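Input: a single structure, listed below in structure tokens.
Throughout, read-outs are computed from the coordinates displayed, never taken from laboratory work. Not measured: the values here are computed from a predicted model. No Cβ is skipped: glycine too gets one built from the backbone with ideal geometry, and neighbour counts run over all protein chains shown.
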Amino acid sequence: MSFDSLGLRPELLRALGDCGYTTPTPVQARAIPEILAGRDMLAGAQTGTGKTAGFTLPLLQRLADAPPASGPRAPRALVLVPTRELAAQVADSVRTYGRHLPLRATVVFGGVGFNPQADELRRGTDILVATPGRLLDHAGQRTVDLSAVSVLVLDEADRMLDMGFIHDIKRVLRLLPAKRQNLLFSATYSDEIRQLAGSLLHDPVHVEVARRNAAVEAVSQHVLEVPQADKRRVLSSIIRSGDWEQVLVFTRTKHGANRLTRQLEEDGIKAAAIHGNKSQAARTRALDDFRAGRITVMVATEVAARGLDIEQLPCVVNFELPNVPEDYVHRIGRTGRAGATGTALSLVAPEERTQLRDIERLLGRQVRRAALPPIVPPPPRPAGQSAEARPAAPPPPRNGHRPSGSGRPGRRRGGAGRQHSGQSFGQQPRG
Ligand code: AMP
């Protein structure tokens, strides 16, 4: 199967070529022809399945096929998303895939200045990507005109409902023309999602790309049983002795994220926190630093991490387990994306056994227990340590390339490690 056979325009095929994508993912193969045909859609697809391109490509094509009316360009497509990170990423995708088409995309979300967004909307746009609250602010101030919207996408609709956006969504729906195409993407189907789909979609095509947990099957998952009070030392030790380079760590609270970030920094590990109390600029900077390898660890809360798209993230750590088992699946979906392998490590305190049991019930299987590696204290003088003195801390499989010359003193060599009695996670000879 190739993208040509899906009926996409040459400009879009060229953009896909620029990205190096040759084969549609299953959700793309199923969704693109149906969306091009104008059908409403209910799609069950998780992050990592290629769903964004699955709706963005046909959306762009439909807009390019029907040139805008003359006069000011009011948005003809509206994509509603739960978070600002996801909004920025979807807008990026729209711009990437639409780069050879004369279409404009605009993104609006809260937490940043209103007026620059209003100015951009005034200049006219074809595709508007928005979080519900800020969109309603613009509608209230009459800085956006939604009367020309002919395609509506609700992306990660389940998360929008979890975050309490249902009323905002309904208010937005009342501002749209009745005749339009509706696409609803959701990773899970709760009763509320079914209800929303029932009221929103007309004769929808159902696209279900994979079993609910299929995405997580690609991720190598491990549980490390460790008391809450020891988690930080254990994590810091594993990261240092395993020479981990890029790890996303989830904490339950913003406060916890800040504290852990500070402690890791004290241990000599470059870390940054990303959560709802951080300014957009701080988040963007943290994400850029993380992508560029200037920081090793990004500590994030659940909501902040939604929609983060980091290419080939090798490793995700649950510093604390989420209370909602589905969130575990979302979290570890950050790794092992689009065919790459990943590692997920959960540090589980005795008081978190109930959450672990619920997660395993959802997964339909037990998560492997890893042996606790010996804890290495942060080195006051790293130069004094030899490779052999280092214990075997298991490095995660690495998808990226180590920048040359990044070896550190005492970096573990392949085979130098000691065997654990339990199954260790992600062991991989290196050097
Ligand atoms: P998504 O599920 O939309 O978050 O996409 C997951 C990742 O897969 C993104 O980094 C995309 O850039 C990438 N991707 C999307 N479509 C393809 C494709 N057909 N081939 C390879 N990678 C893709």
Amide proton proximity set for ALA300, modelled H, under 5 Å, gap of 5+: VAL249, PHE250, THR251, ILE274
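For segment 3-208, what relative contact order do you get, as a whole percent, if you take Cα pairs closer than 8 Å and at least 6 residues apart?
Values: 363 pairs, mean separation 58.3, N = 206.
This gives 28 percent for segment 3-208.
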Given the C-alpha centroids of segment 232-308 and segment 114-159, what is the distance between them in whole angstrom? 31 Å
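If I stretch the segment between GLU266 and HIS167 completely, what's the gain in nm (0.36 nm per residue apart, minus their alpha carbon distance), one decimal? Write out the running numbers ahead of the final one.
Numbers: separation 99, 0.36 × 99 = 35.64 nm, distance 4.40 nm.
Fully extending the segment from GLU266 to HIS167 adds 31.2 nm.
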Using a cut-off of 11 Å between beta-carbons, work out the net charge of the residues near LYS270 (Lys and Arg +1, Asp and Glu -1, LYS270 not included). -3
Show log10 I(q)/I(0) for segment 131-170 at q = 0.14, 0.24 Å⁻¹, two decimals, from a solvent-free Debye sum over equal Cα scatterers. -0.34, -0.90
Amide H of VAL205 versus every other amide H placed in the peptide plane: which residues, excluding those fewer than 5 positions away on the same chain, fall under 5 Å? ASP40, MET41, LEU42
Suppose every K and R has +1 on its Cβ and every D and E has -1 on its Cβ; what is the size of the dipole of segment 3-208 about the Cα centre, in Debye to the nearest 20? 580 debye
Cα-Cα pairs above 14 Å in segment 1-46: how many percent? 51 percent
I need the phi-derived Karplus couplings for segment 219-233: 6.51 cos²θ - 1.76 cosθ + 1.60, θ = phi - 60°, integer Hz, Gly and Pro marked x. 9, 7, 10, 9, 10, 10, 7, 8, x, 3, 5, 9, 4, 4, 5
Distance (nanometres) between label positions extended 7 Å along Cα→Cβ at THR354 and HIS100: 5.6 nm
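When 1/r is averaged over all different Cα pairs and the result inverted, which Kirkwood radius in Å belongs to segment 123-233?
On the way: mean 1/r = 0.0592 Å⁻¹.
That comes to 16.9 Å for segment 123-233.
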Which of the lysines could be linked to LYS270 by a straight reach, that is with a Cα gap under 26 Å, when you skip same-chain ones fewer than 8 residues away? LYS231, LYS254, LYS278
Can you work out the base-10 log of I(q)/I(0) for segment 230-304 at q = 0.22 1/Å, using the Debye formula on its C-alpha atoms alone? -0.94
Which of the aspartates and glutamates could be linked to LYS179 by a straight reach, that is with a Cα gap under 14 Å, when you skip same-chain ones fewer than 8 residues away? ASP40, ASP203
Multiply the residue gap between GLN280 and LEU362 by 0.36 nm, knock off their C-alpha separation, and tell me the result in nm, one decimal place. 26.1 nm
A chain fully extended from SER70 to TYR189 at 0.36 nm per residue, minus the present Cα-Cα distance, gains in nm 38.8 nm
